Amino acid sequence: MGRLEKLVFRKLKSIVATKPYNYFTGVVAGIDRVLYFRSRNSGAMSHHPSHAESSIVSIVRRQGFYVWNNFLSAEVCKSLRENIDSILLQHPDLVHPATLSDLRLHGIENICDDFKSIAADKTLSNIANIYFNEPTRTAFALGARLESSELNLGSGGGWHRDSNFPQLKAMVYLSDVDEQHGPFQLVSGSHRFMTAVSDNIIGRQMYGEVRWTGEKVERVLNKTNQERLKTFVGGAGTLIIFDSSTIHRGTPISEGRRYAVTNYFYPERLIDPLLYEHFSPVAGHAM
């Protein structure tokens, strides 16, 4: 895209940003998406994907998530929970200033070796590389403890998309999670471009807006299909691989604690100091 085209496109984005989403906004978003994919460093795969890996990627592309039960054993989960408790006591300076109930440790694999095998898991890395179709790796792993408290909004601070472009995370519950323990939720299919445009129009979102209110999500579900809402309860060791450009949240926790560890996958071209600054503090990359 030449200099003039960039100026015109920037002007178009400034125009659509002033009004609720419509089909013209969708066209601008489509151009933005094409430019994003053009910037990929796509090339030959470094490995031949297995049938299982390809199948998981196909499922995530279609519905936005894949659930893998018993990814970790109960014994390993118990040990990792204890490690998170210990690190929170020893390194309060590394807790992300998100919410009082959502205690987050970015880069936990750089604090405790027990998390390195999850952050560097070969199968998960292969899935991420296939999904993005370019060199991809774990930028960092997040160890988190969600506390029940009054007025908590749940993990992530309520409904949102992480981005309007494809993103991938792999989250493992380290404790048993039922309806009272802040289960993860997402709106199935909300990562697919045309569905996202339609959902944004129904939700009356502004261009580039990633935060959603509960009212807007309910409006989308009522207009499309209530069965799109997926709630993920499961035992310790349950893995959820998901595209975090879906509309998603951790539900407000009403009792106990919820522990989890999450790999944040990014194309290598996007892993730079600005990324770590955005999530600061990140252990091993503290600013």
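Taking 8 Å as the Cα distance limit and 6 or more residues as the minimum spacing, I'd like the relative contact order of the chain as a percentage.
Relative contact order here is 30 percent.
For segment 32-139, run through the GluC sites (Glu not before Pro) and keep only the ones in DSSP coil with at most 14 other Cβ atoms within 10 Å of their Cβ.
Qualifying residues, ordered by number: none.
Based on the Cα coordinates of the chain, what is the per residue volume of their convex hull in Å³?
137 Å³
Rank TYR276, TRP212, HIS106 by how far each Cα sits towards the positive end of the charge dipole of the chain (+1 on Lys, Arg Cβ; -1 on Asp, Glu Cβ) and give me just the farthest.
Result: TRP212, furthest along the dipole toward the positive end.
Which pairs break 30 Å Cα to Cα here: LYS13/LYS223; LYS122/LYS216; LYS11/LYS223; LYS13/LYS169?
LYS122/LYS216; LYS11/LYS223
When the dipole is taken about the Cα centre of segment 40-278, and only Lys, Arg (+1) and Asp, Glu (-1) are charged at their Cβ, what size is it in debye, to the nearest 20?
That gives segment 40-278 a dipole magnitude of about 860 debye.
Under a Cβ-only charge scheme (Lys and Arg +1, Asp and Glu -1), can you give me the dipole magnitude of segment 209-287 about the Cα centre, in debye to the nearest 20?
Here segment 209-287 has a charge dipole of around 300 debye.
Counting other Cβ atoms within 10 Å, keep those with at most 13, restrict to DSSP loop, and tell me which GluC sites (Glu not before Pro) in segment 192-287 are left.
Answer by residue number: GLU255.
Once you have the Cα-Cα distance between HIS96 and ALA17, take 0.36 nm times their residue separation minus that, and quote the gain in nm to one decimal.
Length gained between HIS96 and ALA17: 25.5 nm.
Rg (Å, one decimal) plus Dmax (Å, integer) for the alpha carbons of segment 1-83?
21.1, 59
Positive end of the dipole of segment 40-278, charges at C-beta (+1 Lys, Arg; -1 Asp, Glu), about the Cα centre: which of PRO49, SER86, THR195 has its Cα farthest in that direction?
Farthest towards the positive end: THR195.
Determine the dipole magnitude for segment 145-212: charges of +1 sit on the beta-carbon of Lys and Arg, -1 on that of Asp and Glu, nothing else is charged, the reference point is the Cα centre, and the result goes in debye to the nearest 20.
Taking the Cα centre of segment 145-212 as origin, the dipole is about 380 debye.
Out of GLY234, PHE115, GLY26, whose Cα points farthest toward the positive end of the dipole of the chain (charges: +1 Lys, Arg; -1 Asp, Glu; placed on Cβ)?
So the residue we want is GLY26.
Between the helical axis of 23-38 and the dominant principal axis of the chain, each derived from Cα atoms, what acute angle in degrees is found, rounded to the nearest 10?
Relative to the chain, helix 23-38 is tipped by roughly 60 degrees.
Bear in mind that the values in this text are calculations on the coordinates, not laboratory data. Values in this document were obtained by computation on a predicted structure and should not be read as measured data. Positions of Cβ are generated from backbone atoms using ideal geometry, with glycine treated the same way; all protein chains shown enter the neighbour counts.
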